[in-house]
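Structure record follows, encoded as structure tokens.
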Amino acid sequence: MSIKFGPFNGTNFQILFLGVIQETSGMFVPAIDLSFAVKPPGKNMKFEDLELIPPILRALKDQNYKSPTSIQEKSIPLILKGEDILGNAQTGTGKTAAFAVPLIQHLVGAGHNPDGRRTISALVVTPTRELAIQIGESFDAYAKYTHVKNTVIFGGVSQGSQTNALRRGVDVLIATPGRLLDLMDQGYVSLRDVEYFVLDEADRMLDMGFINDIKKIITHLPKERQSLFFSATMPKNILDLSHQILRNPKKVAVNPVASTAEKIQQYLYTTNKSDKKELLFHILKKLEPEQVLVFSRSKHGSDRIVRNLRKKRIECAAIHGDKSQNQRQKALKQFKEGDIRVLVATDIAARGIDIDKLGYVINYDVPNESETYVHRIGRCGRAGEEGVAISICEPEENAYIRDIEKLINKKIQVVKDNPFPQTDTPMSTSEKKELEKEKNRKKQEFFANRNKKRGSQNPGFRRKRR
């Protein structure tokens, strides 16, 4: 492939990749015009002002992207200059495009031979399967008019199709830590040619216990590379990890966790624990939302909510860690395509859910971590769209609401038209201790009965253990 440099006058620059003939197929690959204009940052910034090449601009137009979000406007120019990035951005800010778009441009500009053997030039590591798939879809969309190819690898499914894609060669690999290390050990993945490394959702990565996996992956990366580190929160352990990955990074902070998206309306229903189920039915009937994402604290709680909703003939599904990959993907697909109205999710399973124009999020259980609340409601009102977040609060969660309001520096509006008002009071310390004792007693009783039943079914089991 030959390259032609056009005139440069301080504001405009042109590179033209001339057309080539593919040796394997004889197909002509048309010229790619890499013209761009440099414009100082301003209030009315457009993607055309970010030094992006026409193939990417065309793909962004297909996605109906008009103006960059704050994280995109701040990050893309720095990444194009080759800077390491320490990015602090919450969900729904357009973070994926902020790193995917400039990485694609880097790879196009490197002039990789589309007919040659592809090696992994960019590695994106992310905590969950759903988020990895979402990032892969974004790379597909933004690289639509280029030769840049990506694949996604994650656990919980057969590795056959993933290793086949790796054998064919890819430019960008999006991976969850466990499957990445597994395929590295088997010899399917080599990181020696990685030029660009992205660690996404670093805080959730540490919450899920991936810290040692990440440290192991880092040891296999070339020292000379560009690294991009994104996290919604920046506690000390996250900053310590970033110091091991980044060199003289530029810090980009957008929408700190305390500032929830401006266009999200937040409402609070206070009720008793026993009335939550009926109150959820009331809210869904009153609002009649086309789609709503409901958050539950636990896997069993998610399944219980789904059972109750189905009794009311409401189309719904649950996603959580106990569901198989196929079940989770099927539920997500049905939700995205509008086949089901309600998707019930736990916090970890919800990472990677990206639904265009999702209007409603309901917190069936108020989270005990205030920052989790911000992440949850950020699933609606994404990238500037309007959204509504509703929390259903039982007495034991009143304190969580107070903590959330301190974090976001805002009082959440209490809904007065509530047919199931809160009449119970929070438990005292002694009552909580008694409840915990009762829970432990029932748990011990359950396991004792289960072991007794197993022993009666297999009388030789105990003798064998002796």
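Read the figures in this text as sums done on the coordinates, not as results from a lab. Please read all numbers here as calculations on a predicted model, not as lab measurements. A quick note on method: Cβ atoms are made from the backbone with ideal geometry, for glycine too, and the neighbour counts reach across all protein chains shown.
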Amide H neighbours of Ile362 at under 5 Å, excluding residues fewer than 5 places away on the same chain, with H built from the backbone geometry, are Leu293, Val294, Phe295, Ile390
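Subtract the Cα-Cα distance of Lys410 and Asn64 from 0.36 nm times their separation in residues, and report this length gain in nm to one decimal.
Working: separation 346, 0.36 × 346 = 124.56 nm, distance 3.28 nm.
Extra length from Lys410 to Asn64 when fully extended: 121.3 nm.
Rounded to the nearest 0.05, what FRET efficiency is calculated for Asp185 and Glu137 with R0 set to 25 Å and r the Cβ-Cβ distance? If you can, show how the numbers build up before the last one.
Numbers: r = 28 Å, r/R0 = 1.10.
Approximately 0.35, to the nearest 0.05.
Checking the table Lys273/Lys406; Lys286/Lys336; Lys312/Lys452; Lys330/Lys410 against a 27 Å threshold on Cα-Cα, which pairs fail? Before the final figure, lay out the partial values.
Numbers: Lys273/Lys406 24 Å; Lys286/Lys336 22 Å; Lys312/Lys452 38 Å; Lys330/Lys410 37 Å.
Distance filter (> 27 Å) returns Lys312/Lys452; Lys330/Lys410.
Given Cβ point charges of +1 (Lys, Arg) and -1 (Asp, Glu) and nothing else, what value in debye, to the nearest 20, does the dipole of the range 39-254 about its Cα centre take? Intermediate results must be reported in sequence, preceding the final value.
Working: 27 positive and 23 negative charges, 62 e Å.
Dipole size: approximately 300 debye.
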Between the modelled labels at Asp403 and Ser430 (7 Å from Cα along Cα→Cβ) the distance in nm is 2.6
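Would you mind calculating the gained length between Ser324 and Thr219 on full extension (0.36 nm times residue separation, minus the Cα-Cα distance), in nm to one decimal? All intermediate terms of the calculation are to be shown ahead of the outcome.
Working: separation 105, 0.36 × 105 = 37.80 nm, distance 3.14 nm.
Computed gain between Ser324 and Thr219 is 34.7 nm.
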How many nm is it between the label spots at Tyr267 and Met208, if each spot is 7 Å from the Cα in line with the beta carbon?
-> 3.3
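Per-residue counts of other Cβ atoms within 10 Å, averaged by peptide: what ranking do you get for 70-83, 307-320, highest first?
Put in order of decreasing packing, that is 70-83, 307-320.
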Where a label projected 7 Å from the Cα of Glu290 along Cα→Cβ would reach, residues of the range 308-340 with amide N under 15 Å = 335-340
